[in-house]
């Protein structure tokens with residue numbers, strides 16, 4: 001990593017909009033300029049140095065230490081570089097990001113990866129509700145990129161997602177992939193109830209712990225789907241955290257739906 | 001200084017092979033087993049010996065291990081060459097559509113990356129009649145077309161590369177049997193090399209052609225100067241001891257690959273030596289005015 005280390009001095013009394021602190025914005029700046037970047041904290045503006053101790057070297061990458069759930073919009077709209085968050089990340093982590101990598105060594109809040117178009121988010125703890133999902137007032141959720149959650153994800157993950165991949169190593173909440181338009185959602189643990197509700201296209205993959213399957217999904221039987229091997233191998237190339245995907249089988253039980261909306265999506269239960 | 005070159009007693013003529021610019025693509029065909037991958041690849045590259053009448057020239061390049069294929073299954077790589085990108089696109093659609101899509105368990109991927117691309121699954125997907133599924137994986141689009149044994153997985157586009165067609169050399173032997181033996185050795189050696197194919201049956205041509213014909217409308221006709229049975233009737237290029245001529249035609253993705261293939265092939269053919277009836281190695285050209293690529297035998301064999 002090449003860039004400053006920002007250590008939160010104390011938990012702020014209001015939510016902080018972290019979107020001005022991205023690798024794109026920090027490129028070519030020195031530590032003094034970084035210290036002077038204005039952040040919105042509740043109804044007021046504060047400088048970065050008022051909230052954070054700043055050390056390390058100037059550079060495009062950022063490490064945020066002692067982070068808490070009130071730091072929102074970390075990595076918003078970033079296109080390159082790396083952000084490492086040690087602690088919790090607030091809502092809207094990596095929203096609208098187009099490239100680069102965000103790693104959270106802790107939990108992430110609501111709507112992580114909302115509006116995301118590219119790059120990677122890796123959450124080593126749990127993710128809140130609406131992971132990669134559509135934001136209120138919008139038509140589509142995540143539109144590209146990859147999200148990996150090592151822990152569990154909340155409800156409505158991947159709601160109305162349009163493209164990209166979400167991989168949850170733990171359990172997924174209810175209404176996973178609801179109204180999904182396309183893209184891939186992989187939940188290695190237990191998938192909550194009403195998965196794929198209203199999905200039109202897209203793929204939900206799980207190794208077997210399926211909750212209540214909606215009656216509007218048709219059982220297509222056990223099939224060997226070659227695209228799964230290809231997809232698992234390509235995703236595994238992202239790094240060792242994705243290595244477990246290489247071990248997955250392409251033999252799967254396919255449920256097509258959601259017929260309630262004339263959907264051509266699928267829930268694949270790996271065998 | 002000797003005016004001619006010899007390898008193992010075989011005379012190498014001071015001549016050149018004349019070759020032409022082409023467009024090429026590489027396709028990777030995978031299947032549940034090598035048997036089915038070969039079934040698809042052999043069918044797809046059938047009737048693809050010469051652009052004169054087949055639309056393209058195609059052949060298997062090599063066998064692929066599961067670790068070398070995109071989906072981790074056994075496979076085969078195939079090279080297709082045509083005179084233009086447009087014609088190559090048509091041939092890809094017809095051949096993959098009729099020979100790979102139809103073959104049980106197969107999938108088809110692009111084996112070339114380039115700025116220029118041609119549709120592969122992007123057109124074949126319509127066979128899915130609206131039930132096809134698109135997957136964008138690592139920036140590349142793949143189509144999943146429902147078929148009766150499951151799904152046909154096919155990459156959306158394939159890369160196109162500039163290429164060269166028509167690298168060649170002629171083996172002049174005393175008998176057909178000795179000529180065939182030398183040609184088989186040459187083909188065996190060239191098949192080990194990447195980026196080249198020999199599109200004719202078994203990699204060997206017996207009906208070398210010249211441009212034009214006495215018959216109106218025929219673009220090519222038999223290369224009479226190299227036909228042993230009409231020695232007295234034409235200005236023959238064959239000596240009294242030559243009873244058979246066989247040609248190896250090589251298409252390649254680049255100049256260097258063809259040079260290497262010609263080198264390896266001629267050396268292998270000459271390994272049988274003059275004692276086994278191989279008298280001369282020559283090459284086919286049209287006076288040097290038609291094709292911009294000239295592969296000079298003496299330079300290649302230096």
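The values are calculated or read from the model by the stated rules, or taken from the named source; none is laboratory data. Quantities reported herein were computed from a predicted structural model and do not represent experimental measurements. Note that each Cβ is placed from the backbone with ideal geometry, even for glycine, and that neighbours are counted across all protein chains shown.
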Q. In this structure, is residue A:198 assigned to a loop (DSSP other than H, G, I, E, B), in contact with a helix residue (DSSP H, G or I) (Cβ under 6 Å, 6 or more places away or on another chain) and more than 11 Å from chain B (Cβ to nearest Cβ)?
A. yes
**Q.** Number of the exception - residue A:205 against (1) away from chain B (no Cβ under 14 Å); (2) under 21 Å from residue B:150 (Cα atoms); (3) part of a strand (DSSP E or B)
**A.** (1)
Q: May I ask you to verify whether residue A:164 is in a strand (DSSP E or B), on the phi > 0 side of the Ramachandran plot and touching a residue at least 12 places away in the same chain (Cβ under 8 Å)?
A: yes
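Can you pull out every residue in the range B:58-78 that is free of Cβ contacts under 8 Å to residues at least 24 places away in the same chain and either on the phi < 0 side of the Ramachandran plot or more than 14 Å from chain A (Cβ to nearest Cβ) (or both)?
If we filter the range B:58-78 for residues that are free of Cβ contacts under 8 Å to residues at least 24 places away in the same chain, which is where we start, we get B:65-68, B:72.
B:65, B:66, B:67, B:68, listed by residue number.
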(Q) Against the conditions (1) at positive phi; (2) at pLDDT below 95, where does residue A:192 fall short? Just the number, please. (A) (1)
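Filter the range B:135-146 for residues that are out of contact with any helix residue (DSSP H, G or I) (no Cβ under 7 Å at 6 or more places or on another chain) and either more than 11 Å from every other protein chain (Cβ to nearest Cβ) or at pLDDT below 95 (or both) and give the result. Give the steps one after another, and end with the answer.
Here is the first cut: in the range B:135-146, the residues out of contact with any helix residue (DSSP H, G or I) (no Cβ under 7 Å at 6 or more places or on another chain) are B:136, B:139-141.
Hits for the range B:135-146 are B:136, B:139, B:140.
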Q. So which residues in the range A:50-81 are in contact with a helix residue (DSSP H, G or I) (Cβ under 9 Å, 6 or more places away or on another chain), free of Cβ contacts under 8 Å to residues at least 60 places away in the same chain and assigned to a loop (DSSP other than H, G, I, E, B), if there are any at all?
A. A:57, A:58, A:59, A:60, A:75, A:77, A:78, A:79, A:80
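Looking at B:232, B:217, B:130, B:150, can you tell me which residue is under 30 Å from residue A:263 (Cβ atoms) and out of contact with any strand residue (DSSP E or B) (no Cβ under 8 Å at 6 or more places or on another chain)? Reasoning before the result, please.
On the way: B:232 fails: under 30 Å from residue A:263 (Cβ atoms); B:217 fails: under 30 Å from residue A:263 (Cβ atoms); B:150 fails: out of contact with any strand residue (DSSP E or B) (no Cβ under 8 Å at 6 or more places or on another chain).
Going through B:232, B:217, B:130, B:150 in turn, the sole match is B:130.
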Q: Name every residue in the range B:111-129 that is outside any strand (DSSP E or B) and either under 20 Å from residue B:26 (Cα atoms) or within 8 Å of chain A (Cβ to nearest Cβ) (or both), in order of residue number.
A: B:111, B:112, B:113, B:114, B:115, B:116, B:120, B:121, B:122, B:123, B:124, B:125
Q | Whichever residue in the range B:1-44 is within 14 Å of another protein chain (Cβ to nearest Cβ) and in a strand (DSSP E or B) and, among such residues, is farthest from residue B:164 (Cα to Cα) | A | B:30
Q. Looking at the range A:167-178, which of the residues that are assigned to a strand (DSSP E or B) and closer than 18 Å to residue A:236 by Cα is farthest from the other protein chains (Cβ to nearest Cβ)?
A. A:168
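Among the residues of the range B:59-80, is any part of a helix (DSSP H, G or I) and either under 21 Å from the mean Cα position of the chain (by Cα) or surrounded by 20 or more Cβ atoms within 10 Å (Cβ to Cβ) (or both)?
Taking the range B:59-80 first, the residues part of a helix (DSSP H, G or I) are B:66-68.
With the extra rule that they be either under 21 Å from the mean Cα position of the chain (by Cα) or surrounded by 20 or more Cβ atoms within 10 Å (Cβ to Cβ) (or both), the set shrinks to none.
No: zero hits.
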Q | Residue count, the range A:229-271 (criterion: within 13 Å of chain B (Cβ to nearest Cβ), in a loop (DSSP other than H, G, I, E, B), surrounded by 13 or more Cβ atoms within 10 Å (Cβ to Cβ) and in contact (Cβ under 8 Å) with a residue 40 or more places away in the chain) | A | 4
**Q.** Matching residues in the range A:209-228 - criterion: being touching a residue at least 24 places away in the same chain (Cβ under 8 Å) and within 12 Å of chain B (Cβ to nearest Cβ)
**A.** A:220, A:221, A:222, A:223, A:224, A:225, A:226, A:228
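Looking at B:108, B:99, B:103, which one is modelled with pLDDT of 95 or more, within 13 Å of chain A (Cβ to nearest Cβ) and surrounded by 18 or more Cβ atoms within 10 Å (Cβ to Cβ)?
Values: B:99 fails: within 13 Å of chain A (Cβ to nearest Cβ); B:103 fails: within 13 Å of chain A (Cβ to nearest Cβ).
Only one candidate qualifies: B:108.
Does residue A:30 fit the bill of being buried (at least 17 other Cβ atoms within 10 Å of the Cβ), touching a residue at least 24 places away in the same chain (Cβ under 8 Å) and on the phi < 0 side of the Ramachandran plot? Quick ask: steps written out before the conclusion?
On the way: buried (at least 17 other Cβ atoms within 10 Å of the Cβ): no; touching a residue at least 24 places away in the same chain (Cβ under 8 Å): yes; on the phi < 0 side of the Ramachandran plot: yes.
The answer is no for residue A:30.
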Q) Can you find a residue in the range B:216-231 that is touching a residue at least 40 places away in the same chain (Cβ under 8 Å), within 20 Å of the chain's Cα centre (by Cα) and crowded, with 21+ Cβ neighbours inside 10 Å? A) no
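Checking the condition touching a residue at least 12 places away in the same chain (Cβ under 8 Å) and either crowded, with 19+ Cβ neighbours inside 10 Å or farther than 27 Å from residue B:110 by Cβ (or both), which residue from B:159, B:179 passes?
On the way: B:159 fails: either crowded, with 19+ Cβ neighbours inside 10 Å or farther than 27 Å from residue B:110 by Cβ (or both).
Within the list B:159, B:179, the selection yields B:179.
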Q. From A:157, A:181, A:185, which residue is surrounded by 19 or more Cβ atoms within 10 Å (Cβ to Cβ), over 29 Å from residue A:105 (Cα atoms), away from chain B (no Cβ under 11 Å) and at pLDDT 95 or above?
A. A:181
